[in-house]
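Data block below; observations after.
FYI, it's all coordinate maths here, none of it is from the lab. All values reported here derive from a predicted model rather than from experimental measurement. Glycine also receives a Cβ, built like all others from the backbone with ideal geometry; neighbour counts cover every protein chain displayed.
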């Protein structure tokens with residue numbers, strides 16, 4: 001029995017370990033990646049949705065990384081270095097992701113942060129930061145470091161590994177910018193489940209907690225972030241084949257102003273503070289030429305902006321701003337608003353653009369929801385309220401954390417480890433994308449000319465995820481087509497410059513002519529290019545194939561090299577394509593997309609002839625259904641990327657090297673702190689009575705000398721020593737003090753350990769005495785079992801008495817013979833023997849009572865009398881731990897007080913009624 005119990009315990013522990021291992025990898029996270037701050041949220045078993053706190057126990061973390069002498073700092077620690085050495089701190093990287101070196105946004109960044117040395121990457125055409133001759137980092141690599149740090153914060157908070165994440169990006173991010181974020185996440189070792197637009201994440205968070213209010217009637221809301229981005233979103237229940245009627249949000253319109261936001265306000269305020277300091281003329285130098293002083297002013301401007309949102313005026317003050325000169329000046333809210341007057345005038349712009357994109361008026365908007373930290377600026381709220389013409393603005397969501405919480409809900413929905421209530425999300429492409437190609441045509445007079453064709457692939461505000469297919473049916477040889485952005489006339493002149501090149505890529509197909517010659521007997525049905533805009537809003541060219549009609553053969557040739565070629569099509573993209581399989585597209589959503597596209601085409605285009613339909617995009621599923629069943633996909637062509645931004649071949653090795661270096665540094669600091677703490681704590685313990693009692697003067701003098709020697713070494717060489725040397729020094733000291741610590745710990749454990757052993761001996765003895773009082777006819781334990789328990793009790797008692805007596809003869813400075821582990825082993829052995837007997841008793845069935853052969857009344861009465869007399873003989877002193885005589889049958893009120901085990905209950909076989917008062921009914925009561 002005891003062997004089986006031990007085996008069961010070991011099996012139970014193993015199963016627990018398995019479940020823990022499974023649970024360690026199920027948590028997911030989200031990162032609300034803003035320009036200045038990031039918020040991290042997690043979902044794990046038992047924790048539905050929670051914001052992860054950083055190491056300073058704050059709910060948001062600055063998006064900043066410090067690279068200093070092979071040391072990396074993040075968040076608030078990095079900002080702390082920025083005011084001392086701004087050259088080594090990188091932040092606000094979002095604005096230069098996926099930008100070429102000649103982009104106005106790059107020049108603007110260089111103007112704001114002149115301390116950084118930025119150079120052109122000749123291979124990619126983008127920029128990189130030159131930290132030193134040996135160390136050069138791209139914005140994607142720096143952002144990858146920050147995302148890796150955010151992953152570490154999430155893992156520390158969740159107490160388990162996390163790989164899956166949903167990351168928010170601004171809705172106005174184009175293809176290059178989205179791919180740059182994906183590349184940064186890849187460098188960080190994150191598996192991106194989806195890039196979600198930040199306002200879409202806010203809308204999802206808003207809808208999830210108002211699910212009951214959503215019905216078949218569309219509700220239209222406007223989400224405004226910092227006044228820089230506005231989104232029109234509708235909520236409505238829709239029917240799906242998979243899960244029935246479910247709520248859905250659909251993005252209908254987006255308007256934005258890239259350079260409008262809280263950071264621009266902070267820069268204005270910083271320059272104003274610099275002007276005030278120069279006017280005080282406490283220094284002959286211009287503070288604007290001092291990079292460190294300007295970093296201090298920016299930090300103060302950030303604080304001042306927040307304070308002025310709630311106060312009419314505030315005193316800005318910085319100690320030792322420049323040349324040990326303190327700065328102090330009063331700034332009023334009216335002065336701040338005057339500095340940003342032109343910015344406030346631009347706030348209504350995104351709202352107007354969003355309404356125009358959605359083809360709606362403000363009267364159709366039910367409410368306007370504010371989100372983002374800068375919406376707390378009173379003037380921003382006043383301007384927005386006036387622009388929308390509503391009585392009030394909705395402030396019923398957390399402006400800082402709504403995007404992170406919405407994104408983590410989407411992460412849980414996309415993860416296979418969690419089951420959440422479905423909430424359908426249909427985002428929209430802000431920028432249209434089209435395919436352009438040229439084809440030689442012959443006029444009536446026989447003159448051949450080149451005709452340039454354009455086909456809209458995804459219109460502005462087209463919903464995604466969505467697949468499209470374009471068929472080229474007049475090409476018989478190798479040809480080229482271009483994937484470009486469509487009409488961007490809704491962007492201003494400055495926004496167009498910031499946007500960059502309108503060419504996504506140029507695709508050259510090779511092998512077309514040879515394929516047609518090889519399959520000349522098959523009728524060509526055209527060349528199909530399959531496109532996919534996935535859940536992250538990233539466009540991917542899945543494949544290009546030739547389709548022919550054949551009544552005999554159904555062949556499908558797949559080119560395995562195509563996937564690797566496609567992965568490098570679009571500039572600034574991920575090294576791993578994120579194309580989805582067809583079956584991953586929701587059928588209901590696909591049909592909705594097809595119906596929407598059909599309506600758009602019928603409204604905008606006139607019927608064309610078969611010749612004019614070349615290159616016309618169609619939804620993939622719809623087009624394939626129309627094809628003749630005899631059509632065969634006969635060949636995939638090789639795709640060459642010959643223009644557009646070249647994707648860099650990033651690896652994680654450099655980031656891993658830095659991560660390993662950080663871990664090594666943390667290990668060294670941990671060892672250094674442990675050594676320092678051990679020295680000081682042990683020196684202090686040598687003056688405590690419990691330690692003085694167990695050491696001799698010689699031993700104390702030796703330990704004290706070694707500790708003093710180590711302390712001096714720490715002051716002179718220790719703080720520059722390596723991890724290995726520090727560990728060796730700590731190990732040497734611990735080995736020296738091991739015997740002393742052991743004696744002290746043992747003396748501390750004795751009282752509780754001996755008390756537990758005495759209690760076990762007492763209970764075991766009482767149990768044995770009680771069991772031996774059971775009549776032989778009712779006994780369920782064998783004599784061997786009882787003698788075994790008796791032997792263990794006696795041996796344990798003897799060992800305890802002899803060992804305690806021997807220990808009392810020893811000096812406290814000698815090695816003890818009474819060890820806590822031995823006491824625990826003896827107690828466990830005794831406990832196991834008792835439990836074996838108890839477990840046996842639990843499963844014993846009562847013996848059936850034989851019918852009395854002699855039914856003489858006198859004999860029966862004598863038997864009853866003898867039974868009563870026998871019962872009285874075995875009545876021991878009253879104790880909960882001892883055998884009790886039979887009592888009256890328990891009433892309803894006493895059921896909870898019934899014994900654990902009732903041996904041989906008396907039973908009248910003639911009447912079926914209990915006769916416990918007349919028969920021997922012995923109960924064992926255990927505590």
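What is the Cα coordinate range of segment 652-844 on the first, second and third principal axes, sorted by size from largest, in whole angstrom?
Projected onto its principal axes, the Cα set of segment 652-844 covers 82, 56, 20 Å.
What is the ratio of the Cα radius of gyration of segment 262-345 to 2.2 N^0.38 Å, where N is its residue count, to two decimals?
Working: Rg = 12.3 Å, N = 84, 2.2 N^0.38 = 11.8 Å.
That ratio works out to 1.04.
Based on the mean of other beta carbon atoms within 10 Å per residue, what is the order of 177-184, 155-162, 253-260, most packed first? Let's see the in-between values first.
Values: 177-184: 26.1, 155-162: 17.4, 253-260: 22.2.
Going by the mean number of other Cβ atoms within 10 Å, highest first, we get 177-184, 253-260, 155-162.
Would you kindly calculate the translational diffusion coefficient of segment 117-267, applying Stokes-Einstein with the Kirkwood radius from alpha carbon pairs, for 4 °C and a viscosity of 1.567 mPa s, and quote it in µm² s⁻¹ without decimals?
On the way: Rh = 18.3 Å.
Answer from the Stokes-Einstein relation: 71 µm²/s.
Among 137-145, 667-675, 210-218, 457-465, how do they line up from the highest to the lowest mean number of other beta-carbon atoms within 10 Å?
On the way: 137-145: 24.0, 667-675: 15.6, 210-218: 11.8, 457-465: 21.1.
Descending mean neighbour count gives 137-145, 457-465, 667-675, 210-218.
Going by average Cβ density within 10 Å per residue, which order do the peptides 342-351, 185-194, 806-815 take, highest to lowest?
On the way: 342-351: 19.1, 185-194: 21.5, 806-815: 11.3.
By packing density, highest mean first, the sequence is 185-194, 342-351, 806-815.
Rounded, prolate or oblate, given the Cα gyration tensor of segment 344-436, with a/c below 1.5 counting as rounded? The partial results should precede the final answer.
Numbers: a/c = 2.18, a/b = 1.34, b/c = 1.63.
Verdict is oblate for segment 344-436.
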